[in-house]
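Chemist: First the structure, which I've put down as structure tokens, then a few questions once you've had a look.
No lab work stands behind these numbers, since they all come straight from the coordinates. All values reported here derive from a predicted model rather than from experimental measurement. Note that each Cβ is placed from the backbone with ideal geometry, even for glycine, and that neighbours are counted across all protein chains shown.
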Amino acid sequence: MPTPQLSKTLDEVRSMVFGHVEDVQEEYAAKGWLPRRLNLNKGVVRGLLEIFCWGLYQLYQLLAAVFVQAAPTEATDEAWMEWHAEQVEAPRKQATKAVGIVRFARTATSGNTPIPAGRIVRTLPDGSGNVYRFVTTAGAVIADGTNEVAVPVVAEEYGAASNVSAGQITELVTTVPGVDIVGNSADWLTSEGADLETLEKLRERYILRWLGNNGMTKYAYASWALSVAGVVAVKVLDQHPRGQGTVDAIVKGSAGIPTDTLLGLVRAAVATGAKPEEVQAGPPINDDWEVRGPQPLSLAIAGELEIKPGYHVDTVVALAEQRVRAIFTDPATVAGVIPLQIGEDVPLDRLTGVVMAVEGVKRVNWTSPVADQVVADDGLAVLESLAFTTVEAGEE
């Protein structure tokens with residue numbers, strides 16, 4: 001439906017005002033309201049009418065602006081959209097920090113190696129030069145006879161960008177005597193980092209709140225799940241996936257496969273109708289519902305990049321890795337890269353297209369996977385590892 005035209009141009013306002021004054025001059029003069037006909041072309045009267053026209057024009061502009069912001073489906077101002085969302089008890093989701101476990105390792109196995117809290121680890125710079133740092137939140141010890149220990153860390157910065165993928169945390173910033181290696185596995189996160197919710201995502205949840213008011217529909221489950229910070233997508237299976245009367249909510253987190261912490265928060269949101277501060281009789285009584293993460297399809301991606309002469313190899317590789325990793329993050333950290341969603345296959349052409357967008361890459365030869373990857377309807381592709389080798393492209 002087109003938006004009603006409420007504003008007027010300054011010329012339209014002038015035409016309206018001057019036309020009205022011209023139409024009523026004779027009548028007003030006959031009634032004694034005007035001493036004589038007014039000169040509308042120049043003089044004091046023209047100046048006063050121009051000032052009035054400008055003020056009226058501004059009022060029309062304000063009316064048009066307020067009309068847009070007053071409609072939740074059209075609002076572009078953050079304060080207005082947040083206000084609309086508050087009216088339906090769907091407050092804007094705030095940014096959170098990534099929390100997880102990093103492996104600290106050593107080559108020796110004798111003696112105890114203490115790792116104090118407050119030590120900093122980080123990633124190498126990605127293709128855009130971004131580095132993500134993490135701080136240990138508790139002390140740990142690599143015990144005598146062992147060569148590694150898992151240490152809890154938290155990101156220094158808020159946001160989903162700190163949900164780095166497997167093998168990205170590799171550097172120890174603050175020295176820990178005896179520690180030689182740090183690293184993170186594919187399942188290192190215990191609580192996802194999340195960005196401040198975008199206005200478009202907030203608008204989607206606003207609409208879902210209304211759609212979900214008519215009972216225990218898929219819209220209600222989607223609304224409850226998406227109310228939790230860190231949830232970026234949900235797929236509701238409402239056609240009896242586990243038998244008559246069953247409903248499954250498949251949750252995707254900002255790091256892909258959701259952590260147990262995130263799933264627990266979503267279950268609480270469903271059980272209370274996304275109102276944890278209120279007491280409810282219990283979970284939806286009409287459904288045998290379940291909240292779970294997607295079935296992971298782990299991908300070990302490896303390939304050979306043929307790089308054109310004259311390009312810096314390390315820069316090209318870093319950009320290629322950044323773009324591939326962005327497929328598995330949501331929201332994507334690289335412009336033009338669309339993240340994978342629940343139930344979405346991974347064709348080799350998609351991986352190739354992402355890498356070929358890097359300037360300097362002439363060709364990419366995949367060694368893993370070697371065929372299109374089919375993902376189940378309730379599955380999600382997950383990056384297990386990523387490695388590129390390089391060769392200089394020949395003349396053709």
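Chemist: Tell me the mean residue ellipticity at 222 nm calculated for the chain from its helices only (DSSP H runs of n ≥ 4, each -39500 (n - 2.57), averaged over every residue, nearest 500). Please list the in-between numbers first.
Modeler: Working: 8 runs with 117 residues, N = 396.
Theoretical 222 nm ellipticity from helices: -9500 deg cm²/dmol.
Chemist: Apply the Karplus parameterisation 6.51 cos²θ - 1.76 cosθ + 1.60, with θ equal to phi minus 60°, to every residue of the stretch 312-324 and state each ³J(HN,Hα) to the nearest whole Hz, in sequence, with x for glycine and proline.
Modeler: 6, 4, 4, 5, 5, 4, 4, 5, 5, 4, 4, 5, 5
Chemist: Compare Ser162, Ser185, Ser254 in a GNM of the chain, Cα atoms joined below 10 Å, and give the one with the largest fluctuation.
Modeler: Ser185
Chemist: Okay, moving on. Using the Cβ atoms and a cut-off under 10 Å, what net charge is assigned to the surroundings of Glu82, where Lys and Arg are +1 and Asp and Glu are -1? Could the numbers behind the result be given before it?
Modeler: Details: positive: Arg92; negative: Asp77, Glu78, Glu86, Glu197.
Result for the neighbourhood of Glu82: -3.
Chemist: To the nearest 10 degrees, how steeply does helix 78-87 sit against the main Cα axis of the chain, on a 0 to 90 scale?
Modeler: It works out to around 90 degrees.
Chemist: For the stretch 199-292, what class follows from the C-alpha gyration tensor (a ≥ b ≥ c being the square roots of its eigenvalues): rounded when a/c is under 1.5, otherwise prolate if a/b is larger than b/c, else oblate? Before the final figure, lay out each step's value.
Modeler: Values: a/c = 1.31, a/b = 1.16, b/c = 1.13.
In terms of gyration-tensor shape, rounded.
Chemist: Taking θ as phi - 60°, what are the ³J(HN,Hα) couplings along the stretch 56-67 by the Karplus curve (6.51, -1.76, 1.60), each to the nearest whole Hz, with x for Gly and Pro?
Modeler: Those phi angles translate into 5, 4, 5, 5, 5, 5, 5, 4, 5, 5, 5, 4 Hz.
Chemist: Related question: Fewest first, what order do Glu344, Glu86 take by the number of other Cβ atoms within 10 Å? Write down the numbers at each step before the final one.
Modeler: Numbers: Glu344 16, Glu86 12.
The most exposed by this proxy come first: Glu86, Glu344.
Chemist: Pop a pseudo-label 7 angstrom from the Cα along the beta-carbon direction at both Tyr60 and Ile101 and give the gap in nm to one decimal.
Modeler: Between Tyr60 and Ile101, the label points sit 6.6 nm apart.
Chemist: How large is ³J(HN,Hα) for each residue in the stretch 45-53, as worked out from phi by the Karplus curve 6.51 cos²θ - 1.76 cosθ + 1.60 (θ = phi - 60°), to whole Hz, x for Gly and Pro?
Modeler: Computed from phi, the couplings for the stretch 45-53 are 4, 4, x, 5, 5, 5, 4, 4, 4 Hz.
Chemist: Can you list residues from other chains, or at least 5 along the same chain, whose modelled amide H is less than 5 Å from the amide H of Glu384?
Modeler: Leu299, Ala300, Ile301
Chemist: Can you give the extra length, in nm with one decimal, that the chain gains between Thr109 and Ala143 once fully stretched, where that is 0.36 nm per residue apart less the Cα-Cα distance? All intermediate terms of the calculation are to be shown ahead of the outcome.
Modeler: On the way: separation 34, 0.36 × 34 = 12.24 nm, distance 0.82 nm.
Contour length minus the Cα-Cα distance gives 11.4 nm.
Chemist: Suppose we look only past 40 Å in the calculated P(r) of the chain. What percent of the Cα-Cα pairs does that tail hold? Let's see the in-between values first.
Modeler: On the way: 30460 of 78210 pairs.
Tail of the P(r) past 40 Å holds 39 percent of the pairs.
Chemist: To the nearest 20 Debye, how big is the dipole of the chain about its Cα centre, given +1 on the beta carbon of each Lys and Arg and -1 on that of each Asp and Glu? Numbers along the way, then the final one.
Modeler: Working: 32 positive and 50 negative charges, 209 e Å.
Once rounded to the nearest 20, the dipole reads 1000 debye.
Chemist: Near the amide H of Leu34, under 5 Å away, which other amide H atoms are found, from residues 5 or more places off or on another chain, if H is placed in the peptide plane?
Modeler: For Leu34, whose amide H was placed from the backbone, the distant partners under 5 Å are Ala29.
Chemist: To test your reading of the geometry: what angle, between 0 and 90 degrees and rounded to tens, separates the Cα axis of helix 199-211 from the longest principal axis of the chain?
Modeler: So the inclination is approximately 80 degrees.
Chemist: Same structure, new question: What's the exposure ranking of Asp77, Asp330, Asp238, going from fewest to most Cβ atoms within 10 Å? Working shown, then result.
Modeler: Details: Asp77 12, Asp330 21, Asp238 16.
Ranked by crowding around the Cβ, least crowded first: Asp77, Asp238, Asp330.
Chemist: For Glu50, Glu27, what's the fewest-to-most ordering of other Cβ within 10 Å of each Cβ?
Modeler: Values: Glu50 14, Glu27 10.
Least to most surrounded, the residues fall as Glu27, Glu50.
Chemist: Rounded to the nearest 20 debye, what is the charge dipole size of the stretch 218-349 about its Cα centre when +1 sits on each Lys and Arg Cβ and -1 on each Asp and Glu Cβ? Spell out each step's value before the answer.
Modeler: Values: 10 positive and 16 negative charges, 38 e Å.
With only Lys, Arg, Asp and Glu charged at Cβ, the dipole is about 180 debye.
Chemist: Continuing with the same structure: Counting each pair of different Cα atoms once, what's the Kirkwood radius of the stretch 97-191 in Å, rounded to one decimal?
Modeler: Details: mean 1/r = 0.0753 Å⁻¹.
Answer for the stretch 97-191: a Kirkwood hydrodynamic radius of 13.3 Å.
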